[in-house]
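The values are calculated or read from the model by the stated rules, or taken from the named source; none is laboratory data. The model shown is predicted, which means the values in this text are computed figures rather than measured ones. All Cβ positions, even for glycine, are placed from backbone atoms using ideal geometry, and neighbour counts span all protein chains on display. Note: areas computed on protein heavy atoms with side chains; ligands, DNA, RNA excluded. Shrake-Rupley method; radii C 1.70, N 1.55, O 1.52, S 1.80 Å.
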Amino acid sequence: NNLEWTKAILLTAQENNSPVILGVSEGAGKYMCGYKTIVGMVEGMLEELNITVPVALHLDHGSFEGAKETIAAGFSSVMFDGSHLPFEENLKLAKDVVEKAHAKGISVECEVGSIGGEEDGIIGNGELADIEECKQMVATGIDYLACGIGNIHGQYPENWKGLAFDHLQAIADAVGPDMPLVLHGGSGIPQDQIEKAISMGISKVNVNTEFQLSFAAATRKYIEAGKDKEGKGFDPRKLLAPGKAAIVEDAKSHIDWFGSANKA
Ligand code: 13P
């Protein structure tokens with residue numbers, strides 16, 4: 001989302017010897033003045049903060065155009081999300097993205113069965129991915145597959161039924177153990193469900209809303225305590241520091257849950 005988050009997450013990954021994927025949506029890309037700005041910022045941080053753990057810079061829920069732009073800008077991984085398109089078109093464009101990305105050593109994630117909730121203005125219904133479509137999508141040569149298993153973006157409603165583990169098992173069986181599966185909407189899923197999903201083949205968990213809420217809560221606390229009015233407390237470097245500290249704490253706990261500490 002911004003410089004503070006990127007720095008917080010990179011430093012926490014390094015401290016915990018964990019590989020990490022920095023996910024950038026197209027909306028966040030526009031907010032940060034475009035993909036080239038982001039590549040420059042991340043490359044600068046890797047060098048200046050002495051980050052040695054593996055770091056992927058990944059486009060999240062990209063359009064076909066967004067995938068092409070991030071491939072050209074120097075991202076190391078792209079998601080092409082054609083889940084809202086007719087399946088044949090999703091498949092055709094996915095093949096094209098794989099060809100363009102693999103020519104440059106860039107990995108590709110694609111989605112089958114839209115993930116519910118709202119992401120950058122796109123609303124999905126939380127479908128269960130069709131097994132046959134998952135198999136066909138994997139045959140395009142993608143490197144990881146995002147598949148709907150009852151997960152949704154944003155906060156989970158009170159009446160959410162939980163992840164559909166039987167469906168996850170059926171997908172994992174259909175695509176085989178060599179295809180990493182991606183769990184979107186990682187915020188607010190109970191820890192035991194995340195751990196079970198990881199044990200069944202989920203290899204990448206996307207988390208955004210939870211970090212946003214932590215950042216906002218820490219910033220609110222700082223302002224409500226009147227700290228911005230004490231001395232130079234209004235300096236953005238001070239104003240944004242509690243939010244950054246909250247991200248560090250959250251990133252540390254997620255690295256522990258997801259089991260990626262000491263795997264760099
Ligand atoms: P949350 O915002 O629900 O954590 O979802 C993040 C995500 O899946 C981004 O693709």
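Scanning region 69-91 for residues that are part of a helix (DSSP H, G or I) and exposed (fewer than 15 other Cβ atoms within 10 Å of the Cβ) gives Ala72, Glu88, Glu89. Counting only residues that are open to solvent by less than 40 Å² (accessible area, probe 1.4 Å), part of a helix (DSSP H, G or I) and under 23 Å from Gly23 (Cα atoms), region 169-192 holds 0 of them.
Say we look at region 119-137 and pick out the residues that are crowded, with 19+ Cβ neighbours inside 10 Å and at pLDDT below 95; which of these is farthest from the ligand (Cβ to nearest atom)? Within region 119-137, the match that is farthest from the ligand (Cβ to nearest atom) is Ala129. The set of residues in region 45-63 that are more than 16 Å from the ligand (Cβ to nearest atom) and open to solvent by 30 Å² or more (accessible area, probe 1.4 Å) comprises Leu46, Glu47, Glu48, Leu49, Asn50, Thr52, Pro54, Val55. Only one of the listed residues (Lys104, Lys7) is of a type in the set (Lys, Arg) and part of a helix (DSSP H, G or I). That residue is Lys7. Name the single residue that is farthest from Thr12 (Cα to Cα) among those in region 216-249 being open to solvent by less than 30 Å² (accessible area, probe 1.4 Å) and within 16 Å of the ligand (Cβ to nearest atom). Checked region 216-249; the qualifying residue farthest from Thr12 (Cα to Cα) is Ala246.
The residues of region 138-168 that are modelled with pLDDT under 95 and either surrounded by fewer than 15 Cβ atoms within 10 Å (Cβ to Cβ) or part of a helix (DSSP H, G or I) (or both), listed by number, are Gln155, Pro157, Glu158, Asn159, Lys161, Gly162.
Can you name the residue in region 187-210 that is of a type in the set (Gly, Ala, Ser) and within 17 Å of Pro157 (Cβ to Cβ) and, of all such residues, is modelled with the lowest pLDDT? The extreme case among them is Gly188.
A quick yes/no check of all residues on (1) over 20 Å from the mean Cα position of the chain (by Cα); (2) closer than 30 Å to Pro157 by Cβ:
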position	(1), (2)
Glu47	yes, no
Ile51	no, no
Phe80	no, yes
Leu93	yes, no
Ile106	no, no
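Working only within region 193-209, note down all residues that are away from the ligand (no atom under 11 Å from the Cβ) and either of a type in the set (Lys, Arg) or open to solvent by 30 Å² or more (accessible area, probe 1.4 Å) (or both). Within region 193-209, Gln193, Glu195, Lys196, Ile198, Ser199, Met200, Ser203 meet the criteria. Please enumerate the residues belonging to region 64-95 that are within 16 Å of the ligand (Cβ to nearest atom) and either among the acidic types (Asp, Glu) or more than 27 Å from Glu15 (Cα to Cα) (or both). Answer for region 64-95, where residues must be within 16 Å of the ligand (Cβ to nearest atom) and either among the acidic types (Asp, Glu) or more than 27 Å from Glu15 (Cα to Cα) (or both): Gly66, Ala67, Thr70, Met79, Phe80, Asp81, Gly82, Ser83, His84. Only one entry of Ser63, Ser107, Ser76 meets the criterion of being in contact with a Ser or Thr (Cβ under 6 Å, 6 or more places away or on another chain) and hydroxyl-bearing (Ser, Thr, Tyr), and that entry is Ser107.
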